[in-house]
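Single-structure report; data block below.
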Amino acid sequence: MTGRGVLDRLRNLMGDGASDRRYLLGKGGLDLSARVLGVILVLGWSIMLTRIMGPTDYGRYVYVMSAVYFSSLVGGLGMPVATSYYIQRYIRARGWRMVGYLWTAFAITVLGPGLTTLGVWLAVHLYGGTMFDGFTLFGVLIFGIGTAAVSLLTCANRALEESTFSAYCEQVWQKIASFIFIGGVFLAGASLSPELALAASTFGAWLAALPLLRVVWRKAMAGRSRATFRQVTRLLPLWVRRSMIMMITPLYFIVLSETDVLMLGAITTPAMVAIYHVARRVAMLMRFVQIAVVGVGMHRFAAAHMDRDVTRLQELLDSMTLIAFVPALIGWLSFLVVGPFLLGLFGADMKAGYIALMLLATASVYDISMGPATELLMMTGQEKSVGLINVGAGVLNIVANLLLIPSLQLEGAAIATLLCVLLWKASLAWVAWRRLGVVTPILLRLPILLPQWLAVRR
């Protein structure tokens, strides 16, 4: 094949200048740079904390983080996810709805996570729990509100086509700010503790939220007519109802990713929590390409659906899935060989999580191969079906953890996750095919796609 032929095939694979595939590859590539830097910083953060604090104190820190993430998500009523939908819906109109929705979302994001975190704090202390021992109520509340604000503002920026900026704020600047805080702690002569680690994470979240808020204010709120209280209250039930339906999906993700941590902490020891968390953190390396690509393109599902363009929906889905699947498969093969070495970077004790790492990595590569079915269905008006599937999968995950963790511990939590993901993604793929007429598993689409993408246009 000549050099000209290779270039022609590469151009065809990329798509023309206006194609969604070229947008995903270009914009997703920029976001990927933020994800790569973010992954490096997160791994560095975790290595530093595990080596300085030790498995037990690091496990306490992770345990509190998981509990607060969960309560903040419930209190936020799904507003971050709904924000992607409503900004795309209102973006063409310069009326009051955009402003009214965003003010409502901000208010709920501040009040809701604060109240739910306070409720969890009081419940734990009322029943004699030790989860929050050593942590201040104020520190936990501010962390919960800050992380919820970053989540909301990141989704808003992505919907406003500022995905690269939001990725750098969320993935890079937030973690750099946490390192700056810890550096100040060391210069002041204090020793690192779980409480100071949480304070550093809080500092990073709030510093990341400020530039994100500035862009949302400039692009979405400035220049639009103000919403009256009566106008907001008229649409408030609709906004909250849809956001709460959409909340089931991120709530399920938290159940999938945090229930095993919380149950390990309740049934085993903080050190076991630390080992599992590190294995899960390493397994997440497989997902950063998927997260980048889906983050920049998710709102385009809504646009294609509004135009009733099923062909574009399928092309978007195919492009997102293939771009994410290839590096995920390479990652799984890499973990098979160098997994113990990667875990050992966090400390010799962490090598005990190798089997859990491979089980979680297998769940991830299967998940990615089945495509972003959740985001597709959420952006195309199928959030009720997604919610029902996610509730069932969440219950399955909790039951599986209860049955498997007491006897298998780390491996039991990972097996519970794998079983849940297998059934969950198969169910979503079936709904996407029946309701939208699109096929989400990339392995079923490859025999059709590869000849088309690699052909040379005449």
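Laboratory data are not the source of any read-out in this text; all were calculated from the coordinates shown. Quantities reported herein were computed from a predicted structural model and do not represent experimental measurements. Ideal geometry is used to build each Cβ from the backbone, glycine not excepted, and the neighbour counts take in all protein chains shown.
Using r as the Cβ-Cβ distance of L329 and L408, and R0 as 41 Å, what FRET efficiency do you calculate, to the nearest 0.05?
0.95
Roughly how many Å is it from the Cα centre of region 388-458 to that of region 112-132, as a whole number?
With region 388-458 and region 112-132 each reduced to a Cα centre, they are spaced 34 Å.
Report the FRET efficiency, 1/(1 + (r/R0)^6), for R214 and I267, where r is their Cβ-Cβ distance and R0 is 30 Å, rounded to 0.05.
So, using R0 = 30 Å, E works out to roughly 0.10.
Once fully extended, how much extra length lies between L443 and M48, figured as 0.36 nm per residue of separation less the alpha-carbon to alpha-carbon distance?
My answer for the length gained is 138.3 nm.
Pull out the extension gain between T130 and M306, defined as 0.36 nm times the separation in residues minus the alpha carbon to alpha carbon distance; nm, one decimal.
Extending this stretch completely gives an extra 58.4 nm.
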